[in-house]
Amino acid sequence: MEAPNLHLTMGNWVANHWLSVLFLVSWLGLNIFLFLYAFLNYEKSDKYYYTREILGTALAFARASALCLNFNSMMILIPVCRNLLSFLRGTCSFCNCTLRKPLDHNLIFHRLVAYMICIFTAIHVIAHLFNFERYSRSQQAVDGSLASVLSSLSHHEKEKDSWLNPIQSPNTTVMYATFTSIAGLTGVIATTALVLMVTSAMEFIRRNYFELFWYTHHLFIVYIICLGIHGLGGIVRSQTEESMDESHPYNCSISFLEWDKYEWSCRRPHFVGHPPESWKWILGPIALYIFERTLRFYRSQQKVVITKVVMHPSKVLELQMRKRGFSMEVGQYIFVNCPSISFLEWHPFTLTSAPEEEFFSIHIRAAGDWTENIIRIFERQHSPMPKIEVDGPFGTVSEDVFQYEVAVLIGAGIGVTPFASILKSIWYKFQRADNKLKTQKIYFYWICRETGAFAWFNNLLNSLEQEMEELGKMDFLNYHLFLTGWDSNIAGHAALNFDKATDILTGLKQKTSFGRPMWDNEFSRIAAAHPKSKVGVFLCGPRTLAKSLRKCCQRYSSLDPRKVQFYFNKETF
């Protein structure tokens, strides 16, 4: 029984993610192709014959990894151009959801590219450590070998561009050569910036010390600048075409002791440094990113008016705002800055308002220094309203919710915010008798640790209950509330009042369940109720929950495209 289940799971995963897989395989394939192309070029090309005599295979490893570094440094900024992604999402709004799915994995791809940069940086640095050591040894050698003769060219006719070894003296140490050359110094600085960015982007630091992650990540500016000028020194050199025509290495390398000695002897080879190439790779993405940041800066400077401030239980702040020209869709998010706290920090928050409303709103939960500070500022009585800057909105996977016949919305704690926007929009659509609504059924699961959290959107759920009852569409919305943190007093109180018409904890008709959902039972029930539907599963919650839900989507989808299909979607910022 296990083999068919595994086959079914893999088949469903490929069917739902084939475009993402194709894109990822293409990216990996390009990395492999570029590495092999550069490696074979530097390992076999005649113009690098003399350079290989000193450096050996480390030359090919250094240059191949450099080419792949250029390629991935070109790719690293594109996934974080949020306006570009929102534009592409809007342009592809008529496309199948599968075709838009790679846009939802932008941050995953950003991290994969960063890991690839780290791998090729390690190869590049290690290869150049060997290179500098061999440059130093060949410069110090007195055995009359070809490598020592080539290194001695640095003492003769440097003005005629004949030198090959960048270490000019036997007394020059590798450390000194590294920190006094453009390539060495920029390489050290870029590598240090990269290490700081990657280590501060670890999930633990990003979630618990977001400010550290935010500031350190802007070292990418240092990395990009160093990358752009890294090749100015022209340390890696090749024999010039004119020199090769005059003295081809295969003919002249054997008689190197007789170079320029007689009229019929081979001439000393002449070499030329590589012009810098990295800037050609990164110029386009940098221009795109500068345009992105300019646009975001312009939008963030537009005046924001705070129309209402609400303090909810469990230290959750609701801000209702207005901004000229602001237009949103369900499930989108914005970046918020409060200059009185920090001029540079921008934090993402999902919009909890509906597109039909005259304002836009966010809910902020205390989860770090910045959020605690902004809540503290708004809690102060009789103090002037602080200035708020807003950038966005930006598109997310939740925009696709109305593309499915059946939608399953799952929010954990404050992760309910994107679904508040969706549920509000549904309420307005029913108010206005919108017949264009494709969605026929919504399952909503909200999982909270404490009872006070349910008060955030109690009024919304209560209004939806009344609206569905008045319209005779009680079956449209099926929602479940789960409390994962409780004590015996809460459980006992709920049990004593279970027979009441409304839930004792929330005041809603739907009773609160204690514990966590049994997802296999829930998915089995949904699959049985909708045997021929496309079901969109949307999560805003932790990674562990996402892993369980993804497996359920794969397990309960049919390989037959005419039968039930579950499509998993997770919010990422």
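Note on Ile182 and Lys551: with the Förster distance fixed at 45 Å, the Cβ-Cβ geometry gives a FRET efficiency of about 0.30.
Say a paramagnetic label sat at a point 7 Å from the Cα of Tyr115, along Cα to Cβ; which residues of region 180-212 have their backbone N under 20 Å from it? Output list for this probe position: 194-207. Computed on the Cα atoms alone, the convex hull of region 290-404 gives a volume of 127 cubic angstrom per residue.
Expressed per residue, the C-alpha convex hull volume of the chain stands at 212 Å³. If R0 equals 30 Å, the separation of the Cβ atoms of Glu372 and Val305 corresponds to a calculated FRET efficiency of about 0.80.
As a length-normalised measure over Cα pairs under 8 Å and 6 or more apart, the relative contact order of region 176-241 settles at 44 percent.
Protein heavy-atom accessible surface, 1.4 Å probe, per residue over region 233-306: 61 Å².
Taking region 417-449 and a reference point 7 angstrom along Cα→Cβ of Lys563, no backbone N atom is nearer than 14 Å. Computed from Cα atoms, the angle from the helix 2-44 axis to the main principal axis of the chain rounds to 20 degrees.
Both numbers refer to the Cα atoms of region 325-364; Rg and Dmax are 11.3, 32 Å.
Sorting Arg82, Arg207 on solvent-accessible area from highest to lowest, probe radius 1.4 Å, gives Arg207, Arg82. Antiparallel beta bridges, as assigned by DSSP with both residues in the chain, represent about 45 percent of the total such bridges.
For region 106-253, the alpha carbon convex hull comes to 147 Å³ per residue, rounded to a whole number.
For the chain, relative contact order (Cα pairs under 8 Å, six or more residues apart, normalised by length) works out to 12 percent. Spin-label model, Arg207/Ala528: points 7 Å from Cα along the beta carbon direction are separated by 3.5 nm.
Cross-link pairs exceeding 22 Å in C-alpha to C-alpha distance, out of Lys315/Lys511; Lys429/Lys532; Lys547/Lys570, comprise Lys315/Lys511; Lys429/Lys532.
The values are calculated or read from the model by the stated rules, or taken from the named source; none is laboratory data. From a predicted model like this one, the values you see are computed outputs, not experimental measurements. Every residue, glycine as well, gets a Cβ built from its backbone with ideal geometry; the counts of neighbours run over all protein chains shown. Surface areas here come from the heavy atoms of the whole protein model, side chains and all, with no ligands, DNA or RNA. Shrake-Rupley method; radii C 1.70, N 1.55, O 1.52, S 1.80 Å.
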